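Inspection log for the structure reproduced underneath, given as structure tokens.
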Amino acid sequence: MKRFLLSVLCSVSLLAHAQQAPAPPATPQYRPGYHFSPAAHWMNDPNGMVYYEGTYHLFYQYYPNASVWGPMHWGHATSTDLVSWKEQPIALFPDSLGYIFSGSAVVDARNTSGFGKDGKTPLVAIFTHHDPKGEKAGTHTFQNQSLAYSLDAGKTWTKYAGNPVLKNPGIQDFRDPKVSWNEVAKKWIMTLATKDRITFFSSPNLKDWTKESEFGEKLGAHGGVWECPDLFPLTLNGKTHWVLLVNLNPGGPNGGSGTQYFVGSFDGHQFTPLNDRTKWADYGPDNYAGVTWGNTGARKIFLGWMSNWEYANQVPTSPWRNATTLPRELALRQVGSEIYLTSQPVKELAKLAQPVVVLKNLKASAVALDLTNRLKFTGDKFSLNLSTAQLRDFALVLSNTAGEELRIGYDGKARQYFIDRSKAGPSGFSAKFAGRHTTPRLAALPAADLTLYVDATSVELFGDGGLSTGTELFFPSKPFTAIRLEAPEGMTMQSLAYSQLASPLPKPAD
Ligand code: FRU
């Protein structure tokens, strides 16, 4: 929680400074083309993601007065295809109960809350009210859960007069409610982050909450505070398993923020994991606070915040700061005796592909193979997929005329995919930024496939059908315009497919 105070103090002094200092120069070259980011100012966690009447709603932690973290609002964007996003007016503003921290939204189709009127279905947002005055005063009860509802399909929101609906029992970190209807309990189940535990609550009407159980003692990673949980079922070979996502900061697998998960069962009261192994939804440093969309049926679509609290307030973009990851479809896969979560870019992204160049039976060796012309490599927004029957050490190297390079590849000895941004551009904005980050290869077979999505300043790596994923930011001083392949022991790529991707999102000036 110290972090919040520090961030607030830091943003206040930055704001005071901003009044005299001119705004930093705009960085249109860093603007993502197909990852959502508000046109200007600060964003962090995705919130309240819910699908309703053909529209995907994405709310998010937003500070509309500066490009650093500050008093939190819920920004709002909508999409009908998960690819093009339209920024909407701010949905929730801070009030006398505090800032609007992270949370979720549900479609209350049976009007259990009683918020529905004249046959209109209420969308109900369940969020944390964070009271900065209580925090400053040193109380432990400054985070409480509250409600807001919309009767016009998410356009406008009314806060419930009886807020907060779930009061803090004296736990300093008590936040980020994720609510969904549970068919077994026949109740709403809230999954709440409580210090470094998850507490489950149930309610018949979203207003009255009863504690069901706690989870997390001696299980999983505890290097920091648990935040932004999610609980949902997925089916594997006809059997339903429950997945519990638990975001953690700090203590992630590659430093700072990270998303761990547990696979197990949920009986309507209690979550029981299959075993005590710690698993990560994404090993890269830049995928945090991710949860899934509500009301999408059996399809589970995940979206994260593409940054890390280690440097999110310092990354060199202007006039916006931070973006989301790609929307990803989640599934389960068994490898040996373990069940893992896989994530793949949603199929809707295929519509962005410009003509694809496919190279077959490409033989790589220790002598770097320049692919720039063969792939007609241009631009900094593309997807690349390679498959091989025999995975060996290799590196795909993106480079620019300033001598900077981003290396992405596989290290057979360590059985790890890697992304190395240590020479990918200036990193003086944070000592924690530069580095080489690894993602364990979980697949057991020699045959491998790897998909990369690059969007100006980010790369998302999906290895072996999404079994190993890593997300990483980089900020080159010039766009990468060349690509080469290195394979010290030799390696044949059965196919390497490259496609430039269209940018459906508006530029800040549009
Ligand atoms: C996660 C988080 C949440 C909190 C929000 C505040 O990144 O710390 O726990 O609700 O950000 O902006």
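Number of residues in segment 338-364 that are of a type outside the set (V, I, T) and within 19 Å of L244 (Cα to Cα) equals 5.
Could you look through segment 57-73, keep only residues that are away from the ligand (no atom under 14 Å from the Cβ) and farther than 20 Å from T158 by Cα, and pick out the one that is least open to solvent (accessible area, probe 1.4 Å)? Here the answer is S67. How many residues does segment 216-274 hold that are among the polar types (S, T, N, Q) and open to solvent by 10 Å² or more (accessible area, probe 1.4 Å)? The number of residues fulfilling the criteria is 8. Taking each residue of segment 80-105 that is charged (D, E, K, R) and more than 16 Å from the ligand (Cβ to nearest atom) and looking for partners that are part of a loop (DSSP other than H, G, I, E, B) and open to solvent by 10 Å² or more (accessible area, probe 1.4 Å) with beta-carbon atoms closer than 8 Å, six or more apart or interchain, yields E87/A39.
Between G466, G490, the distinction of being open to solvent by less than 10 Å² (accessible area, probe 1.4 Å) and under 27 Å from N361 (Cβ atoms) belongs to G466 only.
For residues that are part of a strand (DSSP E or B) and aromatic (F, W, Y), scanning just segment 41-72, find the one that is nearest to S318 (Cα to Cα).
Initially, segment 41-72 is screened for residues part of a strand (DSSP E or B), giving 41-52, 55-63.
Narrowing further to those that are aromatic (F, W, Y): 42, 51-52, 56, 59-60, 62-63.
Values: W42: 10, Y51: 30, Y52: 32, Y56: 27, F59: 21, Y60: 18, Y62: 15, Y63: 14 Å.
Among those that are part of a strand (DSSP E or B) and aromatic (F, W, Y), it is W42.
Taken as a whole, segment 308-321 holds no residue that is outside the structural domain of T235 (by TED's automatic domain parsing), in contact with a Pro (Cβ under 8 Å, 6 or more places away or on another chain) and over 27 Å from T401 (Cα atoms). The sole residue among N361, N249 that is within 15 Å of the ligand (Cβ to nearest atom) and modelled with pLDDT of 95 or more is N249. The strands (runs of 3 or more DSSP E) falling completely within segment 304-367 that include 2 or more residues that are open to solvent by 50 Å² or more (accessible area, probe 1.4 Å) and either of a type outside the set (S, T, Y) or in contact (Cβ under 8 Å) with a residue 24 or more places away in the chain (or both) map to 328-335, 353-364.
Quick check: is even one residue across segment 143-154 farther than 23 Å from T121 by Cα and open to solvent by 50 Å² or more (accessible area, probe 1.4 Å)? Taking every residue of segment 143-154 in turn, none turns out to be farther than 23 Å from T121 by Cα and open to solvent by 50 Å² or more (accessible area, probe 1.4 Å). Restricted to segment 176-209, and to residues there that are part of a loop (DSSP other than H, G, I, E, B) and within 14 Å of the ligand (Cβ to nearest atom), the residue that is surrounded by the fewest Cβ atoms within 10 Å (Cβ to Cβ) is K195.
A single member of H76, H129, H140 is away from the ligand (no atom under 11 Å from the Cβ) and either farther than 29 Å from L349 by Cβ or surrounded by fewer than 17 Cβ atoms within 10 Å (Cβ to Cβ) (or both), and it is H140. Entry remark, segment 391-419: residues being surrounded by 17 or more Cβ atoms within 10 Å (Cβ to Cβ) and assigned to a strand (DSSP E or B) number 16 in total. Out of all the residues in segment 368-388, which are in a loop (DSSP other than H, G, I, E, B) and closer than 22 Å to E460 by Cα? Those that are in a loop (DSSP other than H, G, I, E, B) and closer than 22 Å to E460 by Cα: L371, T372, L375, K376, F377, T378, G379, D380.
Could you please give the count of residues in segment 248-283 that are among the hydrophobic types (A, V, I, L, M, F, W, C) and over 16 Å from the mean Cα position of the chain (by Cα)? Break it down stepwise before answering.
Going residue by residue through segment 248-283, those that are among the hydrophobic types (A, V, I, L, M, F, W, C) are 248, 262-263, 266, 271, 274, 280-281.
Cutting the leftovers down to over 16 Å from the mean Cα position of the chain (by Cα) gives us 262-263, 266, 271, 274.
Adding up the residues that qualify gives 5.
Candidates in segment 286-301 are the residues that are open to solvent by 10 Å² or more (accessible area, probe 1.4 Å) and touching an Asp or Glu at 6+ places or on another chain (Cβ under 8 Å); of these, the one that is nearest to D230 (Cα to Cα) is V291.
The values are calculated or read from the model by the stated rules, or taken from the named source; none is laboratory data. The structure displayed is predicted, hence computed values, not measured ones. With ideal geometry, Cβ positions are generated from the backbone for all residues, glycine too; neighbour counts draw on all protein chains shown. Heads up: the accessible areas ignore ligands, DNA and RNA and are worked out on the full protein's heavy atoms, side chains in. Shrake-Rupley method; radii C 1.70, N 1.55, O 1.52, S 1.80 Å.
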